[in-house]
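The values are calculated or read from the model by the stated rules, or taken from the named source; none is laboratory data. Treat the numbers as computed from the prediction; the structure is a model and nothing was measured. Note that we place each Cβ from the backbone using ideal geometry, even for glycine, and neighbour counts take in every protein chain shown.
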Amino acid sequence: MIFDETPLGGAFVIDLEKRGDERGFFARVFCENEFAEHGLVTHFCQVNNSLSAERGTLRGLHYQLAPKAETKVVRCVKGALYDLILDIREDSPTFGQSFGVELTAENRRMLYVPKGFAHSFLTLEDETEALYLVDEFYAPKNERGIRWNDPRFSIEWRIQPTVVSDKDQGHPDFDPAYHLWLGA
């Protein structure tokens, strides 16, 4: 695997290192040793699958508060999506900054999202499917969200979202008292 750190410390874009011949290719999607060599989480307790029927579907910005904060590894397995993270680590020099990358079934890229980031994706094609590993179980009491168009962050989306759930549309503007990152 090829690990490229993003401008937001601790987050990585991961590309497959393909070994191929006339039959096709072989590549690792996860290797505990390689993740550990980069100081990344190596234990995952859930693998989630998401299907979005329409292009322009936005999911997020989601995260969980400590002690149930999540690390995610996200991959698009069908279609294409714009995967976006927002640094909400209060003590981070990149607090409030976002980073996005296009993940497609064709490019097979993954985004490693460490604890302390809100995560969202926007589908770029109909029938887009994402698969992601998570290192914490879902904890509804720790669940939080930031509205995708919160003016504090001025996030630039690849395309205009056209399908947003009532829940995601109803997230409040950022308020440290509600959204405060509590550490690991």
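The table for this structure:
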read-out: Matching residues in segment 157-175 - criterion: being of a type in the set (D, E, K, R), free of Cβ contacts under 8 Å to residues at least 40 places away in the same chain and in contact with a strand residue (DSSP E or B) (Cβ under 9 Å, 6 or more places away or on another chain); value: Lys167
read-out: Residues satisfying the stated conditions in segment 1-43, i.e. among the aromatic types (Phe, Trp, Tyr), closer than 26 Å to Ala118 by Cβ and more than 15 Å from the chain's Cα centre (by Cα); value: Phe3, Phe30, Phe35
read-out: Strands (runs of 3 or more DSSP E) lying entirely in segment 1-59 (those with 1 or more residues that are within 30 Å of Arg147 (Cβ to Cβ)); value: 2-5, 12-15, 46-52
read-out: Residue that is surrounded by the fewest Cβ atoms within 10 Å (Cβ to Cβ) [pool: residues in segment 23-34 that are free of Cβ contacts under 8 Å to residues at least 12 places away in the same chain and over 20 Å from Glu106 (Cβ atoms)]; value: Asn33
read-out: Members of segment 5-14 that are surrounded by 12 or more Cβ atoms within 10 Å (Cβ to Cβ) and either of a type in the set (S, T, N, Q) or farther than 12 Å from Val73 by Cα (or both); value: Glu5, Thr6, Leu8, Gly9, Gly10
read-out: Where a residue in segment 51-63 is touching a residue at least 60 places away in the same chain (Cβ under 8 Å) and its partner, wherever it lies, is part of a loop (DSSP other than H, G, I, E, B) and of a type in the set (A, V, I, L, M, F, W, C), with Cβ under 6 Å and at least six apart; value: Leu58/Trp148; Leu61/Ile146
read-out: Leading residue by the ranking (modelled with the lowest pLDDT) among those in segment 83-99 that are surrounded by fewer than 21 Cβ atoms within 10 Å (Cβ to Cβ) and either under 16 Å from Thr123 (Cα atoms) or hydrophobic (A, V, I, L, M, F, W, C) (or both); value: Phe95
read-out: Pick from segment 60-78, criterion part of a loop (DSSP other than H, G, I, E, B) and of a type in the set (D, E, K, R), ranking: surrounded by the most Cβ atoms within 10 Å (Cβ to Cβ); value: Glu70
read-out: Residues within segment 81-110 that are of a type in the set (Gly, Ala, Ser) and in contact with a Cys (Cβ under 8 Å, 6 or more places away or on another chain), tallied; value: 1
read-out: Some residue of segment 107-125 being loosely packed, with under 13 Cβ neighbours inside 10 Å and modelled with pLDDT of 95 or more; value: no
read-out: In segment 31-82, the residues that are small (Gly, Ala, Ser) and more than 22 Å from Phe99 (Cβ to Cβ); value: Ala36, Ala53
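Here's the yes/no breakdown for (1) in contact with a helix residue (DSSP H, G or I) (Cβ under 7 Å, 6 or more places away or on another chain); (2) of a type in the set (Val, Ile, Thr):
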site: Asp15; (1), (2): no, no
site: Arg23; (1), (2): no, no
site: Gly39; (1), (2): no, no
site: Thr42; (1), (2): yes, yes
site: Thr94; (1), (2): no, yes
site: Arg108; (1), (2): no, no
